[in-house]
Amino acid sequence: MVVTIAVFASGSGSNFARLVEVSQQEGWRVPVSVLICDRPGATVLERAERLGVPQHAFAPRTFSDKAAYEAAVRDVLRRYDVSWLVLAGYMRLIGPTLLDKFAGRIVNIHPSLLPSFPGKDAIGQALQHGVKVTGVTVHYVDAGMDTGPIIAQRAVSVAETDSRETLTAKIQAVEHELYPEVIRRLIEETQ
Ligand code: GRF
């Protein structure tokens with residue numbers, strides 16, 4: 001049976017691009033088959049175009065409610081034989097319609113060492129608190145905001161001289177290594 005990965009993203013899509021590139025270079029048996037985006041016009045859509053990955057951009061506000069939006073997403077996922085949802089900067093909580101269907105197969109990446117600094121602007125929160133170490137967390141997704149079981153973490157040192165830009169660059173470099181590693185391992189373990 002063919003199974004594939006859908007990446008969900010709302011923004012720039014650097015993690016999406018990295019996942020596609022690594023999965024193609026390494027010839028993953030479970031390929032990235034489709035991008036789901038909830039922000040028409042987001043940069044990630046241009047990246048999908050360049051990489052030749054089919055994309056579906058939804059405007060959630062045009063649906064009657066979250067269940068209706070997620071039912072439409074679920075219909076697209078069925079067409080691509082998707083069995084893993086990989087969230088990469090998807091700025092929306094996953095609701096019961098998708099959580100029930102893909103239980104244990106929805107993964108997210110967050111730019112902090114959870115449970116520190118969940119939610120928006122984790123990098124800004126870390127700088128504001130003056131922490132000396134922050135990092136990256138990959139975790140399973142549940143109904144909460146960045147609360148599901150942790151799969152992997154990697155630390156990033158914060159230097160006195162770090163600005164938002166330099167710390168973001170350090171964290172993203174770690175994300176781009178860690179996320180493909182973890183997703184590769186998960187799909188190998190479950191095939
Ligand atoms: C990443 O920092 C990720 O950890 C967070 O959103 C950001 C997405 O960046 N969830 P990009 O769109 O992949 O460049």
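List of remarks:
- Flag for S157 being within 11 Å of the ligand (Cβ to nearest atom), hydroxyl-bearing (S, T, Y) and modelled with pLDDT of 95 or more: no
- Which numbered condition L99 fails, given (1) over 26 Å from E181 (Cα atoms); (2) surrounded by 14 or more Cβ atoms within 10 Å (Cβ to Cβ): (1)
- Search result, residues across region 76-114 that are in contact with a Pro (Cβ under 9 Å, 6 or more places away or on another chain) and assigned to a loop (DSSP other than H, G, I, E, B): Y80, R92, S112
- Considering region 1-28, and only residues there that are at pLDDT below 95 and surrounded by fewer than 17 Cβ atoms within 10 Å (Cβ to Cβ), the residue that is farthest from the ligand (Cβ to nearest atom) turns out to be M1.
- Condition check for L127: among the hydrophobic types (A, V, I, L, M, F, W, C), part of a loop (DSSP other than H, G, I, E, B), in contact with a helix residue (DSSP H, G or I) (Cβ under 9 Å, 6 or more places away or on another chain) and surrounded by fewer than 21 Cβ atoms within 10 Å (Cβ to Cβ): no
- Subset of region 29-56 that is assigned to a loop (DSSP other than H, G, I, E, B) and of a type in the set (G, A, S) - its residue that is nearest to the ligand (Cβ to nearest atom): A42
- In the condition set (1) modelled with pLDDT of 95 or more; (2) closer than 25 Å to R185 by Cα; (3) surrounded by fewer than 15 Cβ atoms within 10 Å (Cβ to Cβ), E49 is compliant with all but (2).
- Close contacts from region 62-83, counting a first residue that is within 22 Å of P31 (Cα to Cα) and surrounded by 15 or more Cβ atoms within 10 Å (Cβ to Cβ) and a second that is at pLDDT below 95 and aliphatic (A, V, I, L, M), with Cβ to Cβ under 8 Å and a gap of 6+ residues or different chains, come to V82/V3; S83/V3.
- Region 97-131 - residue that is closer than 28 Å to A155 by Cβ and basic (K, R) and, of those, farthest from the chain's Cα centre (by Cα): K120
- Residue ID - surrounded by the fewest Cβ atoms within 10 Å (Cβ to Cβ), chosen from residues in region 165-182 that are more than 12 Å from the ligand (Cβ to nearest atom) and under 20 Å from Q125 (Cα atoms): E165
- Pairs, first over 11 Å from V20 (Cβ atoms) in region 37-58, second basic (K, R) and assigned to a loop (DSSP other than H, G, I, E, B), C-beta under 6 Å, six or more apart: D38/R92
- Residues that are of a type in the set (D, E, K, R) and assigned to a helix (DSSP H, G or I), drawn from region 152-191: R164, E165, K170, E175, E177, E181, R184, R185, E188, E189
- For region 78-96, residues that are away from the ligand (no atom under 16 Å from the Cβ), within 18 Å of L19 (Cα to Cα) and under 17 Å from the mean Cα position of the chain (by Cα) total 3.
The values are calculated or read from the model by the stated rules, or taken from the named source; none is laboratory data. Just so we're clear, the structure is a prediction, and the values are computed from it rather than from any experiment. Every residue, glycine as well, gets a Cβ built from its backbone with ideal geometry; the counts of neighbours run over all protein chains shown.
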